[in-house]
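Encoded as structure tokens, the structure appears first; notes follow it.
The values are calculated or read from the model by the stated rules, or taken from the named source; none is laboratory data. What you are looking at is a predicted structure, and each value in this text was computed from that prediction instead of being measured. Using ideal geometry, Cβ is built from the backbone for each residue, glycine included, and neighbour counts are taken over all protein chains shown.
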Amino acid sequence: MCHVSLGGGKVASLTVLFDVAYLAYMPSVLEKDEIRHANGYFESTRSVANALGPSMAGLLIRMLTAPFALLVNATTFVASAASVIGLPTDKRTGARKLHMNGFRLAFSGFPAIWKNPLVRPNVICTASLNFFSSVVGTLLILYLVKTGHMTSLTLGIAFLLVAWGV
């Protein structure tokens, strides 16, 4: 059970890292008036992924078994990484931001965010929420499978209904 909680914590930490990197990168490739629309598209995509992801996972696990569902998931990460290569360059300097060391790039937004007294509490709150939501969400799935005897398919359908607000 401990390794599951650690895995959930790791996912939450990487989510916060992505959120910070996204906040740092987006303004460098978009004009000021484009950021609002880009954030809208991004959040819409995130909402659909959060609603459909667990139910699609349940369906894939039911149809293909868990190892093949993980292979499909890994393939989506490779496709995502491939799409990052095509990201645009900085409109102000013309330089591609992604030529930095990966860790340096990922952490480049932290100093600016940490120095901002309005953004810092939001990041701390988001980090805490992501961490504890991931841990509780992981434990909930274990509880529903072991105690509630739910299959991957019924669990996926339940998550889809919850996402739709049913």
Q) Pairs under 9 Å by beta carbon, first residue more than 14 Å from L52 (Cβ to Cβ) in the stretch 143-166, partner of a type in the set (K, R) and in a helix (DSSP H, G or I), six or more apart or different chains? A) T151/R62; S152/R62; L153/R62
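Condition check ((1) surrounded by 12 or more Cβ atoms within 10 Å (Cβ to Cβ); (2) out of contact with any Cys (no Cβ under 9 Å at 6 or more places or on another chain); (3) at pLDDT 80 or above) across all residues:
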{"site": "V4", "(1), (2), (3)": "yes, yes, no"}
{"site": "V11", "(1), (2), (3)": "yes, yes, no"}
{"site": "D19", "(1), (2), (3)": "yes, yes, no"}
{"site": "S28", "(1), (2), (3)": "yes, yes, no"}
{"site": "A38", "(1), (2), (3)": "yes, yes, yes"}
{"site": "T45", "(1), (2), (3)": "no, yes, yes"}
{"site": "A57", "(1), (2), (3)": "yes, yes, yes"}
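What number of residues within the stretch 59-70 satisfy the criterion of being surrounded by 13 or more Cβ atoms within 10 Å (Cβ to Cβ) and free of Cβ contacts under 8 Å to residues at least 12 places away in the same chain? Show your work before the answer.
Pass one, the stretch 59-70, residues surrounded by 13 or more Cβ atoms within 10 Å (Cβ to Cβ): 59-62, 64, 69-70.
Cutting the leftovers down to free of Cβ contacts under 8 Å to residues at least 12 places away in the same chain gives us 64, 70.
Count: 2.
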Q | Close pairs from the stretch 3-32: first under 16 Å from S133 (Cα atoms) and of a type outside the set (D, E), partner at pLDDT below 70 and in a helix (DSSP H, G or I), Cβ under 6 Å, at least 6 apart | A | L17/A106
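When you check F110 against the structure, is it touching a residue at least 12 places away in the same chain (Cβ under 8 Å), among the hydrophobic types (A, V, I, L, M, F, W, C), touching a Gly at 6+ places or on another chain (Cβ under 7 Å) and surrounded by 14 or more Cβ atoms within 10 Å (Cβ to Cβ), yes or no? So that I can check it myself, show each step before the final result.
Working: touching a residue at least 12 places away in the same chain (Cβ under 8 Å): yes; among the hydrophobic types (A, V, I, L, M, F, W, C): yes; touching a Gly at 6+ places or on another chain (Cβ under 7 Å): no; surrounded by 14 or more Cβ atoms within 10 Å (Cβ to Cβ): yes.
Taking the combined requirement at face value, the residue does not satisfy it.
The rows are residues; the columns are (1) within 23 Å of W164 (Cβ to Cβ); (2) charged (D, E, K, R); (3) in contact with a His (Cβ under 7 Å, 6 or more places away or on another chain).
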site: E43; (1), (2), (3): yes, yes, no
site: L59; (1), (2), (3): yes, no, no
site: R62; (1), (2), (3): yes, yes, no
site: A66; (1), (2), (3): no, no, no
site: A74; (1), (2), (3): no, no, no
site: S80; (1), (2), (3): no, no, no
